[in-house]
1. Are there any pairs, at least 6 apart or on different chains, whose C-beta atoms fall under 9 Å, with the first in the range 41-69 and in contact (Cβ under 8 Å) with a residue 24 or more places away in the chain and the second among the aliphatic types (A, V, I, L, M) and part of a loop (DSSP other than H, G, I, E, B), and if so, which?
2. Among what's in the range 150-162 and is under 20 Å from residue 73 (Cβ atoms) and at pLDDT below 90, pick the residue that is surrounded by the most Cβ atoms within 10 Å (Cβ to Cβ).
3. What are the pairs, 6+ residues apart or on separate chains, where a residue within the range 116-144 that is crowded, with 17+ Cβ neighbours inside 10 Å has its Cβ under 7 Å from a residue that is at pLDDT below 90 and of a type in the set (Phe, Trp, Tyr)?
4. Which residues, taken from the range 29-46, are open to solvent by 70 Å² or more (accessible area, probe 1.4 Å) and not polar (S, T, N, Q)?
5. What tally of residues in the range 1-28 results from selecting those that are in contact with a Gly (Cβ under 7 Å, 6 or more places away or on another chain) and open to solvent by 80 Å² or more (accessible area, probe 1.4 Å)?
6. Grab the helices (runs of 4 or more DSSP H) fully contained in the range 52-119, keeping just those with 1 or more residues being closer than 15 Å to residue 138 by Cα.
Amino acid sequence: GKDTGEIYLKDGRWLYISEHKMADGGRISLYLDITDRKRAEEQVRTVNRMLEATIEACPLAITVADLEDRVAMWNPASERLFGWSAEEVVGKRIPTRIPGRDENRGLVRRTVLRDGLLIVIEDQRITKDGRILDLEMHAAPLRDEQGEIKRLFVVVVGCPLPGLHVYRAAEQWHH
């Protein structure tokens with residue numbers, strides 16, 4: 001048999017311990033200092049908590065969607081702007097596209113996938129109660145460990161910001 005575990009020492013270090021019983025009744029014990037890994041894990045948790053708090057508190061609508069346009073994250077400002085709660089949209093297709101306007105469908109996704117960088121697009125979206133909004137969307141790719149784009153991070157601004165080059169959805173694309 002074997003017993004394994006992690007222990008915290010009074011001097012602030014963490015150890016991983018693995019003890020193995022031998023057939024002859026003896027034991028082999030392995031002690032591995034995992035302090036650096038524990039500190040790195042805590043730093044990642046701290047940064048994640050800060051980012052989550054920032055996204056939750058941000059007055060701008062923030063959405064994360066996968067490449068099939070399913071919502072992975074919908075912050076409170078998205079709820080206020082569009083009218084759908086996170087519970088209504090997470091895991092489902094993005095509900096803000098205007099029905100019957102398929103010419104711009106997937107424009108943000110296609111542009112980010114093609115260019116692989118932050119883009120700004122002006123377009124219209126619909127709210128739960130049917131209002132049409134003129135919006136500016138700032139979209140950036142979220143990549144996996146191999147560098148592949150797996151999701152899009154989109155920040156929505158209610159009116160265009162001055163001084164930015166903006167792709168207008170109605171323009172023809174010539175690249």
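1. From residues that are in contact (Cβ under 8 Å) with a residue 24 or more places away in the chain, the pairs are 63/94; 65/94; 69/94.
2. Among those that are under 20 Å from residue 73 (Cβ atoms) and at pLDDT below 90, it is 157.
3. Final answer for the pair search is 119/167; 120/167; 121/167.
4. Residues satisfying the conditions are 30, 31, 32, 33, 36, 37, 39, 42, 44, 45.
5. 1
6. Values: elements: 76-82, 86-89, 107-115.
It comes to 76-82, 107-115.
The values are calculated or read from the model by the stated rules, or taken from the named source; none is laboratory data. Every value quoted in this text rests on a predicted model; they were computed, and no experiment measured them. We place every Cβ from the backbone using ideal geometry, glycine too, and count neighbours over all the protein chains shown. Side chains are part of the model used for accessible areas, which takes the heavy atoms of the whole protein and leaves out ligands, DNA and RNA. Shrake-Rupley method; radii C 1.70, N 1.55, O 1.52, S 1.80 Å.
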